[in-house]
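Student: Mind having a look at this structure? Questions to follow.
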Amino acid sequence: MLNGALLATQEVNESELDVRINPFICNPGGDLAQYAAHALCLLQQGIRHVVGCYTSSARKEVIPLFEKHDGMLWYPSHYEGFESSSNVVYTGAAPNQHVLPLVEYLLQNHGRHAFCVGSNYIWAWENNRILRESVVARRGSVVAERYFAVGDTDFRQVIAAIIAARPSFVFLTLIGTSAYEFFRHFRAACVVAGIDQAREIPVASCSLSEPELEAIGGDAVDGHLSSSVYFCSIANPDNGRFLQAYTKMFPDGPTASADAEASYNAVWLLARSAAAAGGDDPRGVKSQLVHQRLDAPQGRVWIDEPTFHCYLTPRIGRSNRNARFDLVSEAAAPVQPDPYLVNNSGRFEAAPSPALRLVS
Amino acid sequence: MTESRLLQNFNGGRAFIITDRAVSMDVLVTALERLGVTTDAGDVVTSVSAIDPASLQPERDIIFIDGDIGDAATLPLSPVGRMPPAPVIGLIGVTAPSRLKALMRAGATSFLRKPIHSSAVYPALFVGINEYRRHRYLETLLEDQERRRRGRRDVVKAIIRVMSEHGIDDDAAYDLLRRRCMTTRQTMEDLCRDLIRQTDDHQSGNVDLQERRAK
């Protein structure tokens, strides 16, 4: 994420745009308690635009500060939706741009019985809710929903349960090291059980990226489905240029990912809007932002004025042995963001299991 | 009767806003738009008297009432549950008890603090509308219980008659009546009321359940 922003900063500063960015980097190190203090420190120095935050919990920590000090947070991560702060620009995917296309793909190609494994926080809870609604609407079922503390790495029990249940697919919302361990152990357990895991019980997620595939490594790297608006393997000239510049600037990695692309786009959108507005005043930047059309590595992106989320192109990839994704599905055009799933969900929550009882 | 599911998508809704400071409602109108809820210029009014209660649709409409206005008019409330004809969300400025009480009396099931913060709108709709729906469900339950309570006298009469006419005890008489309810798909209270009325009309005094069942 940082690398994408730094690359864009360098490009902006070398460009003909009448704006120069002087990046100030601070790192709360993933410690939730540190986010507010760091954000306040930045805002009090007079910094008006901050690109960052990965988890939803981190974003929620800092939003009140941006609202109070009238700063702007450029949030470059896909997330679970149901938010629209007027002080945040969301350049990552909204749920209708990554969760829903994935669910659609899984139901069409792999079956209707899902096993959900996730980290115990809002991202997993909300994604599983969205999955459950879609699956139930198609008369499928959620075999089980299991949650683990962030950082947990012992999945023996749940893997045994998955192998016993034989779902159509595993919907994975574990994050970080938990996810990598799960992929490795699940693949190994399936080999022992004589199951061709990638084909019979594929693991699908909305957060798996190329650097993470490299972190999984070994024999467990291929055959996983991921829904994202960006993969390195997208073949277009803008992505080619982006990857070349990225690799040149960061030869030691990590590999470019959706998060790097989203923060790269965020900085470019910020720079162009600030140039058009003639300054960094958040109001001016916001009013110019809606006019920007950026030819991003993933294709053209622009901001949806009512929600300040991005028009993005959903794609689904299947990982290969080289720790890259082969595209298996791609939207024909950028999709309007729908953070509240106003146009993409039923009016009511999914039907609860019927509370029938035996009367005689 | 099953309890309704939670409403979570308000797309297609229509909001009425009752306030005397329409200009300060921009944030609310914009936030509602994002959620698919429309507010026409004519839907922002200064008094509830401008709204035709008969035209309100509880499944679609949402009424925002500004607690700071001294509106003499009120929405009609249902007799049992004191429910307004559509969900009401209170807009709170002054937090004195008299103002809060007025909003409670109007049937508000959730609140937004002024100045309105756009991110507070979705949760206010979620709580307000679902709480309204839950109240309405409880109201129908209560109405049903009231109706049953009023029919209690006929049930007692019918049981006693069946006991004496068939020479059976109260359990057997109740069981006979219950089975009859199931075959005719009537409630116990309706069936007993009809039986009592019928026998009163014919003065025959004979409640021939067996024959009716055979039909």
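The values are calculated or read from the model by the stated rules, or taken from the named source; none is laboratory data. Keep in mind it's a predicted model, so treat the numbers as computed, not measured. Ideal geometry is used to build each Cβ from the backbone, glycine not excepted, and the neighbour counts take in all protein chains shown.
Student: Consider B:Leu32 against the criteria (1) surrounded by 15 or more Cβ atoms within 10 Å (Cβ to Cβ); (2) more than 14 Å from every other protein chain (Cβ to nearest Cβ): it satisfies all of them except one. Which criterion is unmet?
Tutor: Condition not satisfied by B:Leu32: (2).
Student: Which residue is nearest to the other protein chains (Cβ to nearest Cβ), if the candidates are limited to the range A:82-96 and must be hydrophobic (A, V, I, L, M, F, W, C) and closer than 18 Å to A:Pro282 by Cβ?
Tutor: Looking only at the range A:82-96, we keep the residues that are hydrophobic (A, V, I, L, M, F, W, C), and these are A:82, A:88-89, A:93-94.
Filter once more, so that each one left must be closer than 18 Å to A:Pro282 by Cβ: A:88-89.
Details: A:Val88: 10, A:Val89: 14 Å.
So, considering only residues that are hydrophobic (A, V, I, L, M, F, W, C) and closer than 18 Å to A:Pro282 by Cβ, the one nearest to the other protein chains (Cβ to nearest Cβ) is A:Val88.
Student: Name the residues in the range B:121-133 that are touching a residue at least 60 places away in the same chain (Cβ under 8 Å) and closer than 22 Å to A:Ser85 by Cβ, would you?
Tutor: B:Val121, B:Tyr122, B:Leu125, B:Phe126, B:Gly128
Student: Considering every residue within the range A:177-184, establish whether at least one is surrounded by fewer than 16 Cβ atoms within 10 Å (Cβ to Cβ), touching a Ser or Thr at 6+ places or on another chain (Cβ under 8 Å) and not in a loop (DSSP other than H, G, I, E, B).
Tutor: Quick first cut of the range A:177-184, residues surrounded by fewer than 16 Cβ atoms within 10 Å (Cβ to Cβ) only: A:177.
Then drop every residue that is not touching a Ser or Thr at 6+ places or on another chain (Cβ under 8 Å), which leaves A:177.
If we keep only those that are not in a loop (DSSP other than H, G, I, E, B) too, we end up with A:177.
Looking for residues that are surrounded by fewer than 16 Cβ atoms within 10 Å (Cβ to Cβ), touching a Ser or Thr at 6+ places or on another chain (Cβ under 8 Å) and not in a loop (DSSP other than H, G, I, E, B), one finds at least one in the range A:177-184, hence yes.
Student: Yes or no: A:Glu133 closer than 24 Å to A:Thr177 by Cα, of a type in the set (Asp, Glu) and within 14 Å of chain B (Cβ to nearest Cβ)? I'd like the intermediate steps shown before the answer.
Tutor: Details: closer than 24 Å to A:Thr177 by Cα: no; of a type in the set (Asp, Glu): yes; within 14 Å of chain B (Cβ to nearest Cβ): yes.
No: the conditions fail for A:Glu133.
Student: I would also like to ask the following. Can you give me the number of residues within the range B:14-23 that are in contact with a Ser or Thr (Cβ under 7 Å, 6 or more places away or on another chain) and not in a loop (DSSP other than H, G, I, E, B)?
Tutor: Residues that pass the stated criteria total 4.
Student: Please specify each residue of the range B:161-180 satisfying the condition of being exposed (fewer than 14 other Cβ atoms within 10 Å of the Cβ) and touching a residue at least 12 places away in the same chain (Cβ under 8 Å).
Tutor: Selection gives B:Arg179 alone.
Residues checked against (1) away from chain A (no Cβ under 14 Å); (2) assigned to a helix (DSSP H, G or I); (3) more than 21 Å from B:Asn130 (Cβ to Cβ):
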residue: B:Met25; (1), (2), (3): yes, yes, yes
residue: B:Ile65; (1), (2), (3): yes, no, no
residue: B:Asp71; (1), (2), (3): yes, no, yes
residue: B:Gly81; (1), (2), (3): yes, no, no
residue: B:Pro85; (1), (2), (3): yes, no, no
residue: B:Ile89; (1), (2), (3): yes, no, no
residue: B:Ala102; (1), (2), (3): yes, yes, yes
residue: B:Thr109; (1), (2), (3): yes, no, no
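Student: Could you tell me which residue of the range B:37-57 is modelled with the lowest pLDDT, considering only residues that are surrounded by fewer than 16 Cβ atoms within 10 Å (Cβ to Cβ) and within 14 Å of another protein chain (Cβ to nearest Cβ)?
Tutor: Taking the candidates together, the pick is B:Gln57.
Student: Condition first: part of a strand (DSSP E or B), within 14 Å of another protein chain (Cβ to nearest Cβ), within 29 Å of A:Gly81 (Cα to Cα) and polar (S, T, N, Q). Can you find one or more residues in the range B:6-13 that meet it?
Tutor: no
Student: Can you name every residue in the range A:279-294 that is over 13 Å from A:Ala8 (Cβ atoms) and either touching a Ser or Thr at 6+ places or on another chain (Cβ under 9 Å) or without any contact (Cβ under 8 Å) to a residue 60 or more places away in the chain (or both)? Please lay out each step first, then the result.
Tutor: Within the range A:279-294, the first condition is being over 13 Å from A:Ala8 (Cβ atoms), and the residues that meet it are A:279-293.
Of everything in the range A:279-294, those that are over 13 Å from A:Ala8 (Cβ atoms) and either touching a Ser or Thr at 6+ places or on another chain (Cβ under 9 Å) or without any contact (Cβ under 8 Å) to a residue 60 or more places away in the chain (or both) turn out to be A:Gly279, A:Arg283, A:Gly284, A:Val285, A:Lys286, A:Ser287, A:Gln288, A:Leu289, A:Val290, A:His291, A:Gln292, A:Arg293.
Student: When you check A:Tyr340 against the structure, is it among the aromatic types (Phe, Trp, Tyr), surrounded by 15 or more Cβ atoms within 10 Å (Cβ to Cβ) and within 14 Å of chain B (Cβ to nearest Cβ), yes or no?
Tutor: In short, yes.
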